[in-house]
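J.: Please find one structure pasted underneath; my questions will follow.
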Amino acid sequence: MNTTVSVDILLLCETWHDPDSVAIRRLRSDGYCVVERARPRTRRADETLGTNYGGVVITAAPGVSLKPFDAGCQPTTFEYVAARATSGSSSCVAVVVYRPGSAAVTNAFFTEFADLLDYLATLVDPAVLAGDINIRLERVFEPNVVEFSELLADHGLTRRRCDARRRRYA
């Protein structure tokens, strides 16, 4: 069975890109809309061509418009980028989040993430939130998992994960 999959919007996290990365420029030159936020480099890191860990990107195929927006928060515990995607008369909000796994899960993370969710709850368009928060969600009784799950539920959100082996979402 030969099937073709068409992806109109792609949300990427931990992209390891810089604002002038060839991959980002290539997407734009091929007609894709790109909204990105590279992880800022420190002065010391600016002096090297080493990998720039982190980074988040939303890209959309030609014909889909992306309009970036600031969700009213400037988190210090995670990275995010947000955009309103429009195609014809349909639109939605797309947000991609990345919380570095090397950082401890703190109360500040939950406060800042709640601020982002509070803002998204005020929007009229449906929202798609994706990313990597680096919390082991399969450990359902751990305090961080319980708090994260309750935070999503309090905002009317459900969690989905991709089962890569079966290529379906559960």
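The values are calculated or read from the model by the stated rules, or taken from the named source; none is laboratory data. No experiment lies behind these values; they were computed from the predicted model shown. Quick reminder, even Gly has a Cβ in these numbers, built from the backbone with ideal geometry, and neighbours come from all protein chains shown.
J.: So Pro62 fits all but one of (1) at pLDDT 90 or above; (2) surrounded by 11 or more Cβ atoms within 10 Å (Cβ to Cβ); (3) over 23 Å from Leu152 (Cα atoms); what number is the exception?
T.: (2)
J.: Look through the range 65-121, keep the residues that are buried (at least 17 other Cβ atoms within 10 Å of the Cβ) and of a type in the set (Gly, Ala, Ser), and return whichever of them is farthest from Ile133 (Cα to Cα).
T.: The selected residue is Ala85.
J.: Taking the range 131-151 only, how many residues are acidic (Asp, Glu) and part of a loop (DSSP other than H, G, I, E, B)?
T.: Of the range 131-151, the ones acidic (Asp, Glu) are 132, 138, 142, 147, 150.
When the remaining residues are screened for being part of a loop (DSSP other than H, G, I, E, B), the result is 138, 142.
Number satisfying all stated conditions: 2.
J.: Please enumerate the residues belonging to the range 66-86 that are in contact with a Lys or Arg (Cβ under 9 Å, 6 or more places away or on another chain), under 18 Å from Leu12 (Cα atoms) and part of a strand (DSSP E or B).
T.: Hits for the range 66-86 are Leu66, Lys67, Pro68, Phe69, Glu79, Tyr80, Val81, Ala83, Arg84, Ala85.
J.: Filter the range 79-129 down to residues that are of a type in the set (Phe, Trp, Tyr) and either touching a residue at least 60 places away in the same chain (Cβ under 8 Å) or in contact with a Gly (Cβ under 7 Å, 6 or more places away or on another chain) (or both), then give me how many there are. Don't jump to the end; show me each part of the working.
T.: Here is the first cut: in the range 79-129, the ones of a type in the set (Phe, Trp, Tyr) are 80, 98, 109-110, 113, 119.
Retained after the next criterion (residues that are either touching a residue at least 60 places away in the same chain (Cβ under 8 Å) or in contact with a Gly (Cβ under 7 Å, 6 or more places away or on another chain) (or both)): 98, 119.
Result for the range 79-129: 2.
J.: What are the pairs, 6+ residues apart or on separate chains, where a residue within the range 132-156 that is touching a residue at least 40 places away in the same chain (Cβ under 8 Å) has its Cβ under 8 Å from a residue that is among the basic types (Lys, Arg)?
T.: Close Cβ pairs satisfying both conditions: Asp132/Arg99; Ile133/Arg99.
J.: Additional query: Within the range 130-137, does at least one residue satisfy the condition of being polar (S, T, N, Q), modelled with pLDDT of 90 or more and on the phi > 0 side of the Ramachandran plot?
T.: Going through the range 130-137, the residues polar (S, T, N, Q) turn out to be 134.
After this cut, where a residue has to be modelled with pLDDT of 90 or more as well, the list is 134.
Filter again for on the phi > 0 side of the Ramachandran plot, leaving 134.
Scanning the range 130-137 turns up at least one residue that is polar (S, T, N, Q), modelled with pLDDT of 90 or more and on the phi > 0 side of the Ramachandran plot.
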